[in-house]
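Only one structure is covered here, and it is reproduced in the block below.
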Amino acid sequence: MKRLYSILKYICIIALVISLISLLAVVAYVLINGVDKLSFDLLFGDYTDSPSIFPAFIGTLQLVGIASIIAVPIGIASAIFLVEYTGNKGRFVKIVQVATETLAGIPSIVYGLFGYLIFVVAFGWGYSILGGGITLAIMILPTIVRSTQESLLSVQNGLREGSYALGASKVRTIFKIVLPSCAGGIVTSIILAIGRVVSESAVLILTIGMVVNKVPESLMSPGASLALDIYYFASHGYPAEASATAVVLLVFVIFLNLLASFVGKMIKKSTYGDTK
Amino acid sequence: MNEFIGNMDIIAKNCNLFYGDFQALKNINIEIPEKQVTAFIGPSGCGKSTFLKIFNRMNDLVEGCRIEGDFRIGGVDIYDKETDVNLLRKNVGMVFQKPNPFPMSIYDNIAFAPRTFGITKKSELDEIVEQSLRRASIWDEVKDRLRKNALGMSGGQQQRLCIARSLAASPKVLLMDEPTSALDPISTGKIEELMEELKKDITIVIVTHNMQQATRIADKTAFFLLGELVEYGNTDDIFTSPRDERTERYITGRFG
């Protein structure tokens, strides 16, 4: 018996080592191949003689902006309705629950196809940043609804009752008591959703085209994102530039993750902290 | 709009309450006099908390809860369609079993109710906050840390803060649902002293599991069993010469 336990322990250790090594290998590979290509021209150049990721950087920011402006308010409002107005029970909530879970699990290329058929073809917009941004918004919406629901459910009912018992209306209770109590969790999940937007590529190939050399003139223009640049560079004979872009994207995503935990902690501190 | 003015007696007639098919309260009639402490006692699940929550309509929040009967506080029919439930709850405050301070500063906790009813002037709020904390006899303990988070206080302080928070709405009635059951004896003593003081202006109804507490603080006591009001009268009479055999068995500790 004792022997079995120690074998199990070693299997776990080996598994951990394998996962750590593969993660490190990816990061190391990207860094070794990419860092020395990180030049001013690549980062901020205007894409004349040498490739630049500046247009894609602008494109990425626009996509993040569009997707979050649409998905954040709709997602939070939907979750508020489900938790605060239907009590998160009943047939309707169950259906929505199954729908959001299913939608969250759909491969992103399917969203891309949907965006392509709707915005590019049916609306006749052609490839556009706006169409891509809206498609991304639809893609992250279920995640935001689900995680906001969880945050709202984590607020103790005693706080709601306390608020009602003081004569506060439902709306006041939601906005002054419930949302501030779980703002940390909601903000964290939004930032993580933005991380998904930043690293998405399949959706964008089908919706914003792949114009890597021009800053989009308007939201109706085609464009690129950092993730798309990697694909473009790698498949057009610029593997080193692809790696350099990957470094930028990696840093960006790490930054978003750190920001998420930092903001989450800050908000938590401002509601719960300073308790001395 | 119905105002809560004048005599704040609480009157319930022919009260029946159902959760779905289950009848939790059976034909209860009671008249609770103003500016006294009335205690509801009885074993767990006898319906005393449920009955208490009728008077600030907290049962409205419970799905499948159906209430029959006539309920008046200060002459106002509190289940009338014209009655503003938020105004009712402003006038009929409630303190819960588990202290539930909001995760914000002590000051903001107290100012929550006045702000709800449109008071925004800082000087006015300052005064209400100090007054309320003084009435809940916790002012001296917290006056130097009004901006600190209320969750940093001890359980007993949190409960007195919650009382102060209710008082800030200037209620005429205060409903207390086992307010000391989660507290130590010293905090319990402080809250009992406080009730003695508050009943000069406020009608207090308290649900308690602790019969000694009822004898210490209550002018009147009502004994509930299985959704029925078995006996109601002056606390002294209930505990020294109960008329009903079930009451006697309960207070002498032979069941419940």
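If you filter segment A:127-184 down to residues that are of a type in the set (V, I, T) and under 30 Å from A:P222 (Cα atoms), you find that the one that is farthest from the chain's Cα centre (by Cα) is A:I129.
Against the test of being under 21 Å from A:G195 (Cβ atoms) and small (G, A, S), the options A:S68, A:S128 yield a single qualifying residue, A:S68.
Looking at A:V93, is it in a helix (DSSP H, G or I) and open to solvent by less than 60 Å² (accessible area, probe 1.4 Å)? Show your work before the answer.
Numbers: in a helix (DSSP H, G or I): yes; open to solvent by less than 60 Å² (accessible area, probe 1.4 Å): yes.
For A:V93, the condition - in a helix (DSSP H, G or I) and open to solvent by less than 60 Å² (accessible area, probe 1.4 Å) - is met.
A:W125 passes every criterion in (1) open to solvent by less than 70 Å² (accessible area, probe 1.4 Å); (2) touching a Phe, Trp or Tyr at 6+ places or on another chain (Cβ under 8 Å) apart from (1).
Conditions (1) under 28 Å from A:A227 (Cβ atoms); (2) within 28 Å of the chain's Cα centre (by Cα), marked per residue:
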site: A:S6; (1), (2): no, no
site: A:I11; (1), (2): no, no
site: A:L16; (1), (2): no, yes
site: A:Y29; (1), (2): yes, yes
site: A:G45; (1), (2): yes, yes
site: A:I53; (1), (2): yes, yes
site: A:I58; (1), (2): yes, yes
site: A:V83; (1), (2): no, yes
site: A:N88; (1), (2): no, yes
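Yes/no matrix, rows are residues, columns are (1) under 28 Å from B:M211 (Cβ atoms); (2) of a type outside the set (F, W, Y); (3) out of contact with any Phe, Trp or Tyr (no Cβ under 7 Å at 6 or more places or on another chain):
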{"position": "B:N59", "(1), (2), (3)": "yes, yes, yes"}
{"position": "B:I73", "(1), (2), (3)": "yes, yes, no"}
{"position": "B:V76", "(1), (2), (3)": "no, yes, no"}
{"position": "B:F96", "(1), (2), (3)": "yes, no, yes"}
{"position": "B:I106", "(1), (2), (3)": "no, yes, yes"}
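Of all residues in segment A:199-237, exactly one satisfies the criterion of being surrounded by 19 or more Cβ atoms within 10 Å (Cβ to Cβ), of a type outside the set (A, V, I, L, M, F, W, C) and farther than 20 Å from A:V120 by Cβ, namely A:D229.
So which residues in segment A:176-212 are of a type in the set (A, V, I, L, M, F, W, C) and within 14 Å of another protein chain (Cβ to nearest Cβ)? Outline the logic, then answer.
Step one: filter segment A:176-212 for residues of a type in the set (A, V, I, L, M, F, W, C), giving A:177-179, A:182-183, A:186-187, A:190-194, A:197-198, A:202-206, A:208, A:210-212.
Once the filter is applied, which keeps residues that are of a type in the set (A, V, I, L, M, F, W, C) and within 14 Å of another protein chain (Cβ to nearest Cβ), segment A:176-212 yields A:I177, A:V178, A:L179, A:C182, A:A183.
B:S105 falls short on exactly one of the conditions (1) surrounded by fewer than 16 Cβ atoms within 10 Å (Cβ to Cβ); (2) within 11 Å of chain A (Cβ to nearest Cβ), and that condition is (1). Count of segment A:150-174 residues, restricted to those that are more than 7 Å from chain B (Cβ to nearest Cβ), open to solvent by 20 Å² or more (accessible area, probe 1.4 Å) and more than 13 Å from B:F102 (Cα to Cα), is 5. Do we find a residue being over 30 Å from A:K268 (Cα atoms), within 13 Å of chain A (Cβ to nearest Cβ) and either open to solvent by less than 10 Å² (accessible area, probe 1.4 Å) or at pLDDT 95 or above (or both) anywhere in segment B:39-46? No - not one qualifying residue is present in segment B:39-46.
The values are calculated or read from the model by the stated rules, or taken from the named source; none is laboratory data. Note that the coordinates shown come from a computational prediction; the quantities given were computed from them, not determined experimentally. All Cβ positions, glycine included, derive from the backbone under ideal geometry; neighbour counts span all protein chains shown. The accessibility values were calculated without ligands, DNA or RNA, using every heavy atom of the protein model including side chains. Shrake-Rupley method; radii C 1.70, N 1.55, O 1.52, S 1.80 Å.
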